Amino acid sequence: MKIRLAITILFSALCAFGRSDVESIDLSLQSLESNESILDTAVLDTTLDHYRGTIAPLYKRYQATQNDLKPIEAKFSEAGIPLFFTMIPYSESKFNPHAKGYNTAGLWQFSKQSAKNFGLSVKKGNDGRLDINRSTDAVIRYIRSLKKEFGTWYLADFAYAMGEGNLKELIEKNKSKNLSVLLKDPHFPSGTKAHFAKTLLLDAKIHYSKTDEEVHKDE
């Protein structure tokens, strides 16, 4: 009886333990169509370690904005885009629709030219980048166009963060589209590394860090 009880307790503990950090990150990478594991990509592992400490306040912001995020997630799901991309507003603007940067604005930190290219008005008193619904519809069109141009979702994200021209130059220079190769290039923009690391860590934590019990419940 005691042995059976001990086995039951051990089994329950294992079920509750769930996925490891590595497993969650790998699932996020797979959703972006990367054929590389974090275990194969030392430079990514190092980059993630550098930004792990920044995730707690972003996750707290996510918890406070879930109601606002739900319609955005629905639009991305309907468009067939990985939910990884719905984490961009946290890594870019801390989910502040009125955030402004250098030549960028809004939830998605659209540049003026990119916003205009995908149907947003960028005028004083009528800046579509500051409108959650309009800017989200535009960013979906933008991300889908990047995916069509570069072939994988992780390259679409790189292009989103650094610009299409910069990514094309890196790919041509390295003769490779592999995530591990591109990240090693000394000219890979540090801002894009920060963007990708924060978004990946949030996506892994929010969408893939489930316990075994939660996984079976979803099935």
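Here, each number is a calculation from the coordinates, and none is a lab measurement. Predicted, not measured: the structure shown is a model, and the values here were computed from it. Cβ atoms come from the backbone with ideal geometry, glycine included; neighbour counts cover every protein chain shown.
Using only Cα atoms, find the angle between the long axis of helix 190-203 and the longest principal axis of the chain, and express it within 0 to 90 degrees, rounded to the nearest 10. Approximately 40 degrees, to the nearest 10. What residue among PRO89, SER180, ALA197 has its Cα farthest toward the positive end of the dipole of the chain, where the charges are +1 on Lys, Arg and -1 on Asp, Glu, each on the Cβ? Toward the positive end, the furthest listed residue is PRO89. Remark: relative contact order (the stretch 69-219) = 18 percent; criterion is Cα-Cα distance under 8 angstrom and separation of 6 or more residues. Taking a straight Cα-Cα cut-off under 26 Å and skipping sequence neighbours fewer than 8 places away in the same chain, the lysines within cross-link reach of LYS123 are LYS75, LYS94, LYS100, LYS112.
Axis of helix 2-17 versus longest Cα principal axis of the chain: the two differ by about 0°, to the nearest ten degrees. Report note on the peptides 101-114, 41-54, 155-168: ranked by the mean count of other C-beta atoms within 10 Å, highest first, their order is 155-168, 101-114, 41-54.
Peptides 139-147, 85-93, 120-128 ranked from most to least packed give 85-93, 139-147, 120-128, packing being the mean of other C-beta atoms within 10 angstrom over each peptide's residues. Residues considered: LYS205, LYS173, LYS75. Largest GNM mean-square fluctuation over the chain, using C-alpha springs under 10 Å, is found at LYS173. In the stretch 39-175, taking the dipole from charged Cβ atoms about the Cα centre, the farthest positive-side position among GLY106, GLY125, ILE140 is held by GLY125. Under 5 Å between amide hydrogens, built in the peptide plane, is the criterion, and for THR104 it picks out nothing among residues at least 5 positions away or on other chains. Shape class of the stretch 102-219 from the alpha-carbon gyration tensor: oblate, with a/c at 1.5 or above and b/c at least as large as a/b.
Quick check: the distance between the Cα centres of the stretch 48-62 and the stretch 157-184, to the nearest angstrom? Between the Cα centre of the stretch 48-62 and that of the stretch 157-184, the gap is 25 Å. Cross-link pairs exceeding 25 Å between alpha carbons, from the set LYS177/LYS198; LYS124/LYS148; LYS147/LYS193; LYS70/LYS193: LYS124/LYS148; LYS70/LYS193.
What's the angle, to the nearest 10 degrees (0 to 90), between helix 66-79's Cα axis and the longest principal axis of the chain? For helix 66-79, the angle is close to 80 degrees.
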